[in-house]
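The values are calculated or read from the model by the stated rules, or taken from the named source; none is laboratory data. Quantities reported herein were computed from a predicted structural model and do not represent experimental measurements. Counting neighbours? That spans all protein chains shown, and the Cβs are built from the backbone with ideal geometry, glycine included.
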Amino acid sequence: MPRASLSANYSPDLPEETCEFASRPGLRGRGEGPIRAVIFPEREICITTQATHIGILSPDTADRPHFESLRQMVPREVFLTNEGLGLLRDSYQNLAGQADQIVARAKAFVERHRVQGLLVTGGFVTLFNPGLEAKIAEAVAIPVASAVSSVVTALGALSCRSLMLVTPFAADMNAVIAKHLESEGFTVFFGPAFDRDRKPGAGVNIAPSELMSKVAQSFRRYPSAAAIYFQGATLDPLPVIQQLENELNAPVVTSNTAMMWNILSKLGLRFSIADYGRLLASWPKITHGVQSFPAV
């Protein structure tokens, strides 16, 4: 439900691949900056409260079902605008060599929506375009966070150097992620396989209870693994994070929880978000400094 004073009007010229939405009520925190919002492409919403505006660039589309879980997670003081890049076709390798286009799209997106921080989702976006996060940050002049680097930072903040990697990807793509993590000093174990023949970006047809059961069973086979890392939001692990942590007594970090913690920390904000794992509940200090950003 909307959590602020709203007025709604139809907006026919809203870009089709843009989906802006406010988060749910009931979570505490601080934010700043007046916001003009759009909640789903067909309805224009004006929010009269104070909020922090975060942009999301997704490698495929902006309307995947797992974005609803993300909306449920974010504090009420945070407002999200999501836009799809439409770069995925038949392979994650399609993302390689797209750095210049992504930087240009990011700059246009930030200018258009006047966001205060930017999330670049999709682990392979940066893995196949080394240095992309820094290039985007330089171009847009606001804090930027990407998936894999945010997870690396989050695991460091939680003092975890070994992990079980859980993804919806095939073995060759998992190897790309593992190689990068190992280069960062982590020991990597592989979790259960899910829909290896799925189209890149497509959802995974699995119930939360089955996802939790398979992940917990796999994790118990690796007594030296200190944490679980979900990469690939199409698995939609957010609803089961807390249950997994409670059952396994180990931190569970996802690309989305790590990016949200990272970007808000870069903006100098601190929250305590219950039911989504140790990272968001305890909100450890980020290991690099708070970044300044222009007023909106």
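Return a yes/no flag: does the stretch 195-210 have any residue that is more than 23 Å from PHE67 (Cα to Cα) and either at pLDDT below 95 or of a type in the set (A, V, I, L, M) (or both).
Filtering the stretch 195-210 for residues more than 23 Å from PHE67 (Cα to Cα) gives none.
Within the stretch 195-210, not a single residue is more than 23 Å from PHE67 (Cα to Cα) and either at pLDDT below 95 or of a type in the set (A, V, I, L, M) (or both).
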### Hits in the stretch 114-134 (condition: assigned to a helix (DSSP H, G or I) and buried (at least 18 other Cβ atoms within 10 Å of the Cβ))
GLY123, PHE124, VAL125, THR126, LEU127, LEU132, GLU133
### Query
In the stretch 156-176, what count of residues is obtained for those that are polar (S, T, N, Q), part of a loop (DSSP other than H, G, I, E, B) and either in the same structural domain as PHE128 (by TED's automatic domain parsing) or surrounded by 17 or more Cβ atoms within 10 Å (Cβ to Cβ) (or both)?
1
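Check GLY122, GLY117, GLY131 and return the single one that is touching a Ser or Thr at 6+ places or on another chain (Cβ under 9 Å), more than 19 Å from ALA51 (Cβ to Cβ) and assigned by TED's automatic domain parsing to the domain that holds MET260. Let's see the steps before the verdict.
Working: GLY117 fails: more than 19 Å from ALA51 (Cβ to Cβ); GLY131 fails: touching a Ser or Thr at 6+ places or on another chain (Cβ under 9 Å).
Result: GLY122 is the single residue among GLY122, GLY117, GLY131 that is touching a Ser or Thr at 6+ places or on another chain (Cβ under 9 Å), more than 19 Å from ALA51 (Cβ to Cβ) and assigned by TED's automatic domain parsing to the domain that holds MET260.
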### Query
Quick one: what pairs do we get from the stretch 108-121, first residue closer than 19 Å to SER255 by Cβ, second basic (Lys, Arg), C-beta under 7 Å, 6+ apart or different chains?
GLY117/LYS266
### Residue ID - surrounded by the fewest Cβ atoms within 10 Å (Cβ to Cβ), chosen from residues in the stretch 64-110 that are polar (S, T, N, Q) and not in a helix (DSSP H, G or I)
SER91
### Task
Can you run down the residue pairs with Cβ atoms below 9 Å, 6 or more apart or on separate chains, where the first is in the stretch 269-296 and modelled with pLDDT under 60 and the partner is of a type in the set (Val, Ile, Thr) and part of a loop (DSSP other than H, G, I, E, B)?
GLN291/ILE142; PHE293/ILE142; PRO294/ILE142; VAL296/VAL115
